[in-house]
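The values are calculated or read from the model by the stated rules, or taken from the named source; none is laboratory data. A quick note: this is a predicted structure, and the numbers were derived from the prediction, not measured. Glycine also receives a Cβ, built like all others from the backbone with ideal geometry; neighbour counts cover every protein chain displayed. Calculation scope for accessible area: heavy atoms of the full protein, side chains included, ligands and nucleic acids excluded. Shrake-Rupley method; radii C 1.70, N 1.55, O 1.52, S 1.80 Å.
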Amino acid sequence: MLDRMERCRSHCNTCNHFTWHYITAHVEASREDTLFGEVQRWEAEILQCCGCDLFSFKLVTNPFSFQDEADKPEVDYYPERSHKKRSRKFFSRMPASIRSLYHETVAAHDSKLVLLSAVGLRALLEAIIVDRIDSAKYSYSLESKINSLTGVVEPKVLETLHDFRTAGNEAVHAQVEPDHLDIHRALYVVESLMEYFYGLADYSTNYQEYKSKPKSRAKRKPKNAV
């Protein structure tokens with residue numbers, strides 16, 4: 001019976017938060033890897049959400065015996081858990097080419113393709129500046145383009161943007177991989193630039209449009225009315 005099954009906490013894409021899941025099946029298996037010639041152990045579980053009843057699959061790949069003791073098992077869920085992915089911004093006034101670049105950069109981030117996301121972040125920053133800042137204010141280099149934001153953003157923000165430029169250059173020219181969490185945080189900064197250059201116009205237009213429309217004023221019924 002389900003109420004006697006072992007349970008675990010896991011994120012549910014449908015419930016959109018961590019819920020209890022019944023472990024409806026658990027299987028362990030070992031096989032010899034043809035590349036390393038070593039035996040590797042696998043664990044698989046079928047999970048059923050206690051909230052919405054939907055099923056998902058969990059696969060645990062344990063390290064080889066020759067790997068470092070600090071290496072942890074790889075855990076994958078199918079379908080992939082949505083809480084690991086960034087919520088993407090949308091601005092109607094943002095050019096399609098920049099929107100595509102933004103989505104590809106976020107997709108690289110979500111897939112933990114750190115080098116590609118660092119390069120994408122650098123390209124995204126440059127594309128926004130070229131689109132929104134007068135070309136007479138900067139030269140060919142990205143350093144000059146970022147400096148053209150002087151007076152638009154605070155000096156600390158400018159310094160941070162130069163850090164992104166450096167990380168992107170190292171990723172392109174020396175394949176130096178930045179920390180994945182640094183890319184995650186950097187995307188918030190660039191998204192804030194997107195908010196400033198594209199979002200404000202969207203929000204202001206929506207405000208003015210709805211402000212001019214007549215508001216419905218439904219009459220309230222008296223408290224004693226049936």
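Under 15 Å of direct C-alpha separation, and excluding same-chain neighbours fewer than eight residues apart, residue 211 reaches these aspartates and glutamates: 202. Counting heavy atoms of the protein chains alone, residue 170 has an accessible area of about 80 Å² for a 1.4 Å probe.
Eigen-decomposition of the gyration tensor built on the alpha-carbon atoms of the chain gives equivalent ellipsoid semi-axes of 42, 35, 12 angstrom, largest listed first. Between 172, 205, 121, whose Cα lies farthest towards the positive end of the dipole of the chain when Lys and Arg beta carbons carry +1 and Asp and Glu beta carbons carry -1, centred on the Cα centre? Going by the Cα projections, it comes out as 205.
Ordered by solvent-accessible area of protein heavy atoms (1.4 Å probe), largest first, the residues 42, 20 come out as 20, 42. Label the stretch 20-109 by shape, choosing from rounded, prolate and oblate, from the square roots a ≥ b ≥ c of the eigenvalues of the Cα gyration tensor; if a/c is under 1.5 it is rounded, and otherwise prolate applies when a/b is larger than b/c, oblate when it is not. Taking the square roots of the gyration eigenvalues as a ≥ b ≥ c, the stretch 20-109 is oblate. A Förster radius of 35 Å, combined with the Cβ-Cβ distance separating residue 30 from residue 52, puts the computed FRET efficiency at roughly 0.55. Overall, the chain carries a charge dipole of about 2380 debye about its Cα centre when +1 sits on the Cβ of Lys and Arg and -1 on the Cβ of Asp and Glu, all other atoms neutral.
Structure shown: which of 85/156; 89/137; 112/145; 89/145; 58/112 lie over 21 Å apart, alpha-carbon to alpha-carbon? Checking Cα-Cα distances, 85/156; 89/137; 112/145; 89/145 exceed 21 Å.
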